[in-house]
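The values are calculated or read from the model by the stated rules, or taken from the named source; none is laboratory data. No experiment lies behind these values; they were computed from the predicted model shown. Glycine gets a Cβ as well: all are built from the backbone with ideal geometry, and neighbour counts include every protein chain shown. For the accessible areas, the whole protein counts, side chains as well, though only heavy atoms, and no ligand, DNA or RNA atoms are used. Shrake-Rupley method; radii C 1.70, N 1.55, O 1.52, S 1.80 Å.
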Amino acid sequence: MLHNIRQYQVPLQKYMAMMDLQERNQKLFYKLLIDNVEELLPIVYTPTVGEACQKYGSIYSRPQGVFISLKDKGKVLEVLRNWPEKNIQVIVVTDGERILGLGDLGCHGMGIPVGKLSLYTALGGIRPSACLPVTIDVGTNNEKLLDDEFYIGLRQKRAIGQEYAELLHEFMTAVKQNYGERILIQFEDFANHNAFDLLEKYGTTHLVFNDDIQGTASVVLAGLISAMKFLGGSLADQRFLFLGAGEAGTGIAELIALEISKQTNMPLEETRKKIWLVDSKGLIVSSRLESLQHFKKPWAHEHEPVKELVDAVNAIKPTILIGTSGQGRTFTKEVVEAMASLNEKPIIFSLSNPTSQSECTAEEAYTWSQGRAIFASGSPFDPFEYGDNVFVPGQANNAYIFPGLGLGLIMSGAIRVHDDMLLAAAEALAGQVTQENFDKGLLYPPFKNIRKISAHIAAEVAAKAYELGLATRLPPPKDLVKYAESCMYSPAYRTYR
Ligand SMILES: NC(=O)C1=CN([C@@H]2O[C@H](COP(=O)(O)OP(=O)(O)OC[C@H]3O[C@@H](n4cnc5c(N)ncnc54)[C@H](OP(=O)(O)O)[C@@H]3O)[C@@H](O)[C@H]2O)C=CC1
Ligand SMILES: CC(=O)C(=O)O
Ligand SMILES: [Mg+2]
């Protein structure tokens, strides 16, 4: 199969071959993915999954996952009960409104829950039959899709307000009724005007987290903890600037502020002041407070208005620059050079996916900083040769976190997700980074060790769940890492006697 897949030159063809294999021989699909994770992750996940979603209607061959549309109102439970597998442990659900940095792809966003759940199995060892991809179809505002003969979803503008909230509520209620209290629901790629509200609304009644807000925060914090470990210094000494103040940007900012507050005993309101964000209107400052969306308000600090990113860099003098704007090539030469003139080792993360939306490329970060940048990106970049050095950029992607986080929640029978679990996951991931990794330029351990890494993350998350009294699987196992490993699905063929 690997030989076959390597015959294809075009990544999308490799993706289609992998999806075919997943349908035809699930065990072989996972065997291939696990044994060749660094080669195949960019195919089943970012960046290729982005292109697959953009072309989902025309490459569509078989249905994947469950679509729940406005037309199913009143019978969502019945729809869920039609799914052939009964023992579901994880649902990844999207409404397709913010697919990676590609915008509203409506039902074609189904590629994302399908891809994320493949990683739950391959990277985190959750049984494939326990994974359920769901897309909520409330329409799309993407005119191109509405006119596309191959669009697979409802041909109408997105439902909003009460109509939207009622369908989501029926879904959340039906899920708990059908699968019980311990079903894990991961919200994925919702637009921010729904994402924060859904998380707040269901965070206290369901085992739920938002991957873009919380999973991303944990992976970035892990990268920063490992940067501090190898470069010296503490997070409290840093100044942070974000381009993009949405789910990823404010989610990361809040977890960093929380970590600094825990490390220093400073109040959260104080630690937030070390963190600045720029949105499409410029630096978020107190004079804009009235007009800001609620999730931006905590970041409106005293400062005169600044419009351009490069001017914000020169005004704030950040040591760490993080891109979460969904806009490609926004870390210009001027911006990277400004970071390099302010810092001996500027830390630059271009987190936006897929590759086309990355704020800068690895080559640009290393070249414009004369090889001094500590760089990581959301989508993978090849190693880059600069002078006598070969730099290997780390992949700061929530794929490091959610499989292990999910495994930890499931194996402990957790009933709620707590911020301390995200902090624990970040510490566990950072703990897996070696000096050898860092010497190559990596702030993250290589993906080839991901199942071991996920077991460590799961163990720390489960330990937190027990400590917080949120675990229901009692008594706790003695060795949580070993227990995590023993729970993991492996695509091994049975021997026949
Ligand atoms: N690496 C990873 O693991 C992850 C990466 N991501 C990526 O992060 C990106 C953003 O996702 P998310 O936070 O959910 O999206 P949101 O839509 O919630 O936020 C995007 C933010 O970027 C701002 N923005 C847009 N254009 C510009 C611009 N030209 N200049 C400055 N700011 C701009 C928006 O400003 P305004 O508010 O004014 O509209 C908004 O604050 C996506 O590309 C996604 O793929 C997301 C999750 C995980
Ligand atoms: C990685 C991810 O979750 C995103 O780009 O949305
Ligand atoms: Mg996402």
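Restricted to Cα atoms, the chain shows a radius of gyration and a Dmax of 21.7, 76 angstrom.
Solvent exposure of the chain amounts to 41 Å² per residue of accessible area, where only protein heavy atoms count and the probe is 1.4 Å. What the pair-distance distribution of segment 24-79 shows, using all Cα-Cα distances binned every 10 Å from zero, is 19, 33, 31, 16, 1 percent.
In the context of the full protein assembly, Leu154 retains an accessible surface of approximately 30 Å², using a probe radius of 1.4 Å and ignoring ligands and nucleic acids.
Rg/Rh for segment 399-487 stands at 1.00; both radii use Cα atoms, and Rh follows the Kirkwood definition. Label-to-label distance for Ser291 and Glu308 is 2.1 nm, based on points extended 7 Å past Cα in the beta-carbon direction.
Taking θ as phi - 60° and the Karplus parameters 6.51, -1.76 and 1.60, the scalar couplings of segment 166-172 work out to 5, 5, 4, 5, 4, 5, 4 Hz in sequence order, x denoting glycine and proline. Comparing segment 219-396 with the 2.2 N^0.38 Å rule of thumb, its C-alpha radius of gyration ratio is 0.97 (two decimals).
A probe of 1.4 angstrom, applied to the heavy atoms of all protein chains, finds Ile112 with accessible area near 10 square angstrom.
Carbon-plus-sulfur accessible fraction, segment 1-210 (probe radius 1.4 Å, protein heavy atoms only): 48%.
Return a single number: how many Lys pairs in segment 204-299, at a sequence separation of 8 or more or on separate chains, have alpha-carbon atoms below 18 angstrom apart. Total qualifying Lys-Lys pairs in segment 204-299 comes to 9. Entry for segment 83-226 at q = 0.09, 0.14, 0.19 Å⁻¹: log10 I(q)/I(0) = -0.28, -0.69, -1.22, Debye formula applied to identical alpha-carbon scatterers, no solvent contribution.
3J(HN,Hα) along segment 231-237, derived from phi through the Karplus expression 6.51 cos²θ - 1.76 cosθ + 1.60 where θ = phi - 60°, amounts to 8, x, x, 10, 4, 5, 7 Hz, with x in place of Gly and Pro.
Couplings for segment 67-74, taken from phi via the Karplus curve 6.51 cos²θ - 1.76 cosθ + 1.60 with θ = phi - 60°, read 9, 10, 10, 3, 6, 8, 3, x Hz in order; Gly and Pro are left as x. Using only the Cα atoms of segment 10-133, each taken as one equal point scatterer with no solvent, compute I(q) by the Debye sum, divide by I(0), and report log10 of the ratio at q = 0.09, 0.14, 0.18, 0.22 Å⁻¹. For segment 10-133, the Cα-only Debye profile gives -0.24, -0.60, -1.00, -1.44.
Helix 111-124 against the longest principal axis of the chain: what's the angle in degrees, Cα atoms only, rounded to the nearest 10? Taking Cα atoms only, the helix is inclined about 90 degrees. What's the angle, to the nearest 10 degrees (0 to 90), between helix 450-467's Cα axis and the longest principal axis of the chain? Approximately 90 degrees, to the nearest ten. May I ask for the angle, rounded to the nearest 10°, between helix 247-264 and the longest principal axis of the chain, with both axes built from Cα atoms and the value confined to 0 to 90°? That works out to roughly 60 degrees.
Loop-located trypsin sites (Lys or Arg not before Pro) in segment 227-313 (DSSP state other than H, G, I, E, B) with a sparse environment of at most 12 neighbouring Cβ atoms within 10 Å: Lys281, Lys307. Qualifying GluC sites (Glu not before Pro) in segment 322-405, where qualification requires a DSSP coil assignment and no more than 11 other C-beta atoms within 10 Å, comprise Glu344. Computed in the context of the full set of protein chains, the accessible area of segment 298-360 at 1.4 Å probe radius has 48% of its extent on carbon or sulfur.
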